[in-house]
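So the structure is just underneath, and the comments pick up after that.
The values are calculated or read from the model by the stated rules, or taken from the named source; none is laboratory data. Everything numeric in this text was worked out from a predicted model, so none of it was measured. Cβ coordinates were reconstructed from backbone atoms using ideal geometry, including for glycine residues, and neighbour counts include every protein chain displayed.
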Amino acid sequence: MKRVGTCPICNKGELLEFEDKFQCNFVENNKQLCNFFIYKSYSKKIITPEMLFDLLHNYETKIYSDFVDDKGEKFEAALKIVHGYINYKFGNQIVDNVKCVNCDGEILRTKQGWGCENYFNRKCGMFIYRSYNGTVMTEDIVRLLVTGNYTPFLNFTSKQGINFQAKLFVNDSTFQVQFDYSLGDCPKCSGTVLKMEKFFGCTNYLSDIKCDFIIWPSIFDYNLSFIDVEILLRGDQTDVKSFRWKDKNFEGRLSLDENFKCKVS
Ligand SMILES: [Zn+2]
Ligand SMILES: [Zn+2]
Ligand SMILES: [Zn+2]
């Protein structure tokens, strides 16, 4: 077996070349005392003699841009020895003031989107793409998603060209970014309120409960936004809006009355 250099962790053993890795051979009293190893490739990038030299002498390599992630996209990183293991080290791509809700890892900018640092060594599934259904993600949106929160309602376009509004969230078991259409809980029956074709209504309309709670999308010529509906469903009052009734303009705040009907006051 070829010896490639002194082990940088124990400084006693030699790294020997095996089929898929370089491994320290330090043994005392028939016990393997150092488990340090370096795989021969990381994310499809083969370790070159220069990289090996840098790891053994400087504990980290230069930055290379031809690592390839699970989805076939290239990414830029160096390799670094941290606590006896090879880790990726990413340059100035770290998004400030946010950590992955799943593993507490840093969030990194990549060409394809934003990924948890541990996504690249397959220990975490958190990855947010640059855009979903034509809507480009911002780092404020990414901060909400990777910390396990819902975004506000955003505008999207379906593959059929139809515009729709939804909140985004990351499914905490599959790490898929998913749409959520719910505006809030029904104040009458605690069902879910959605935007229906002609009004905002309760999903229990079709169940045995036959809940008839609705909010019309327009009142006195004012078109309610999704945010307005969310406020009403929380039992709160909107800020001041402008209305029109029989050629007269007036202002007021929207809220739900005791019969769960939308009123202006
Ligand atoms: Zn060693
Ligand atoms: Zn993570
Ligand atoms: Zn209901």
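For this structure, a couple of remarks:
- When the strands (runs of 3 or more DSSP E) confined to the stretch 1-61 are screened for residues that are touching a Leu at 6+ places or on another chain (Cβ under 8 Å), those reaching at least 3 such residues are found at 3-6, 21-24.
- All told, GLY72 falls short of being away from ligand 2 (no atom under 14 Å from the Cβ), touching a Phe, Trp or Tyr at 6+ places or on another chain (Cβ under 9 Å) and on the phi > 0 side of the Ramachandran plot.
- Number of the exception - LYS210 against (1) outside any strand (DSSP E or B); (2) within 16 Å of ligand 3 (Cβ to nearest atom); (3) modelled with pLDDT of 95 or more: (3)
- Scope the stretch 133-146; condition exposed (fewer than 14 other Cβ atoms within 10 Å of the Cβ) and over 13 Å from GLY113 (Cβ atoms); matching residues: GLY134, ASP140
- Listed by position, the strands (runs of 3 or more DSSP E) contained in the stretch 152-207 that have at least 3 residues being within 28 Å of TYR119 (Cβ to Cβ) are 154-157, 163-170, 177-180.
- Selection of the stretch 81-102 for residues being surrounded by 15 or more Cβ atoms within 10 Å (Cβ to Cβ), over 26 Å from CYS7 (Cα atoms) and modelled with pLDDT of 90 or more yields VAL95, VAL98, LYS99, CYS100, VAL101, ASN102.
- Condition check for GLY201: under 25 Å from SER255 (Cα atoms), out of contact with any helix residue (DSSP H, G or I) (no Cβ under 6 Å at 6 or more places or on another chain) and surrounded by 19 or more Cβ atoms within 10 Å (Cβ to Cβ): yes
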